[in-house]
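Asker: Okay, handing you the structure first.
The values are calculated or read from the model by the stated rules, or taken from the named source; none is laboratory data. Note that the structure is a prediction, hence the values are computed from the model and not measured. Ideal geometry is used to build each Cβ from the backbone, glycine not excepted, and the neighbour counts take in all protein chains shown. SASA here: full protein model, heavy atoms, side chains in, ligands and nucleic acids out. Shrake-Rupley method; radii C 1.70, N 1.55, O 1.52, S 1.80 Å.
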Amino acid sequence: NVAYKTIGNERDTLQHWYRVYTESNSRKGNMVVTERTLQGDRSLLNDLIGWVTKHRPKFINIWSWVDGGRDVLLEYFKYRQEIGGKRKKWSDGAVNSSYRRIRAWFNYISDNVDGFPTQLLNKMPIKRTKVVTESFSSMEIELILSFLEKNKDHPRWFWFVPIFKVLLETGMRVSEIVGMRIRDVDIKERKCKIVGKGAKERFVYFRSDSIWEIISNQIFDEHGDIRTDTEWVFWSRYHQRGSGKVAKKVTWRLFERKHKPINPSGVQHKTKDMFRELNLNPKLSTHSTRRYFISTFCLGCC
């Protein structure tokens, strides 16, 4: 039966299931994935299909994967680690995350195609990676806090300073902070509803007066009314260095897009810029703020 099905039709191709899988955010049951997840799936699966088309064209047909698919996938990962991807060679972590996406895709195909094997790519010999996240030392946090205070009004840093302060004192992820909507903020209880990984909802409380002042400045306009000109707590706003100079001073131009939030990668890149200026541990990242929050604000509550 499998040999017969490899003759196949359009519905038996990887391209067909790529379109089905990435054009809708609905998955198994009532599961719904985010646009960010869809973008990641599109990028990876498009890369896999391109590689298969060039190196193993037989496996464009999904039924060819029944017998040799596991070996082909290992070959693909080995190629990306030894030869490289679009930008660089893949790390063990990149392979691990890619494997989980591809495995989920084939499990989705199995759920929607009669006779296609279940768990075809499960339990493959893929090296697991341990995520090691550095936290801040007391000296590093003092340098950071001093830097934030010094540069809170600087055109290059003004938008970044309040976001990083919220990161430190709430333990939120960057994606959660930039995704905060004004309508989800509870003014009376000083909290905000957050939709995290897996579409799970929780509330984040802004307990300190300093952090609530930051949030208030973002959600209220100059007249003290709740903003209606944007739905985002932190909308896209930044200064760009001008090409000319006036009286030997650098000029800055403000760019503001209230219809869209700040890009998470912008926060991450700016964080790395700050760490480099302060000559801090290069292993530090925005995720280090979560470790700092847990060790500083949570342990004392237990």
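Asker: Leaving out ligands, DNA and RNA, what percent of the accessible area of segment 206-278 is carbon and sulfur, probe 1.4 Å?
Answerer: 47
Asker: With unit charges on the beta carbon (Lys/Arg positive, Asp/Glu negative), name the residue among Trp17, Phe59, Gly84 whose Cα is farthest towards the positive pole of the charge dipole of segment 1-109.
Answerer: It is Gly84, whose Cα lies furthest towards the positive end.
Asker: For all pairs of alpha-carbon atoms in segment 172-287, what percent lies in each bin of width 10 Å, listed from the first bin to the last filled one?
Answerer: 12, 33, 34, 17, 3, 0
Asker: Taking the Cα atoms only, what angle lies between the long axis of helix 264-277 and the longest principal axis of the chain, rounded to 10 degrees?
Answerer: Roughly 60 degrees, rounded to the nearest 10.
Asker: Okay, next question. In debye, nearest 20: dipole of segment 216-294 around its Cα centre with unit charges on the Cβ of K, R (+) and D, E (-)? The partial results should precede the final answer.
Answerer: Numbers: 16 positive and 8 negative charges, 127 e Å.
Computed charge dipole of segment 216-294: roughly 600 debye.
Asker: Compute the angle between helix 209-219 and the longest alpha-carbon principal axis of the chain, please, reported from 0 to 90 degrees and rounded to the nearest 10.
Answerer: Compared with the principal axis, the helix lies near 70 degrees.
Asker: Taking the Cα centroid of segment 143-203 and of segment 223-284, what is the distance between the two, rounded to the nearest whole Å?
Answerer: Using only Cα atoms, the two centres lie 14 Å from each other.
Asker: So, one more: Which value, in debye to the nearest 20, gives the size of the charge dipole of the chain about its Cα centre, when Lys and Arg are +1 and Asp and Glu are -1 at the Cβ?
Answerer: Dipole of the chain, to the nearest 20 debye: 840 debye.
Asker: To continue, here is another question. Which residue fluctuates most in the GNM of the chain (Cα springs below 10 Å): Lys193, Lys123, Lys249?
Answerer: Among Lys193, Lys123, Lys249, the largest GNM mean-square fluctuation belongs to Lys249.
Asker: In addition: Can you give the alpha-carbon Rg of the chain over 2.2 N^0.38 Å, where N counts its residues?
Answerer: Output field value: 1.24.
Asker: Once Lys and Arg get +1 and Asp and Glu get -1 on their Cβ, which of Gln268, Ile49, Phe255 lies farthest toward the positive end of the dipole of the chain?
Answerer: Among Gln268, Ile49, Phe255, the one farthest towards the positive end of the dipole of the chain is Ile49.
Asker: Could I ask something else about it? So, how do all the Cα-to-Cα distances of segment 1-121 break down into 5 Å bins, in percent, from 0 on up?
Answerer: Histogram of Cα-Cα distances, whole percents per bin: 2, 10, 21, 25, 21, 13, 6, 1, 0.
Asker: Please report, for the Cα atoms of segment 181-223, the Rg to one decimal and the Dmax as a whole number; what are they, in angstrom?
Answerer: Final numbers for Rg and Dmax: 11.3, 38 Å.
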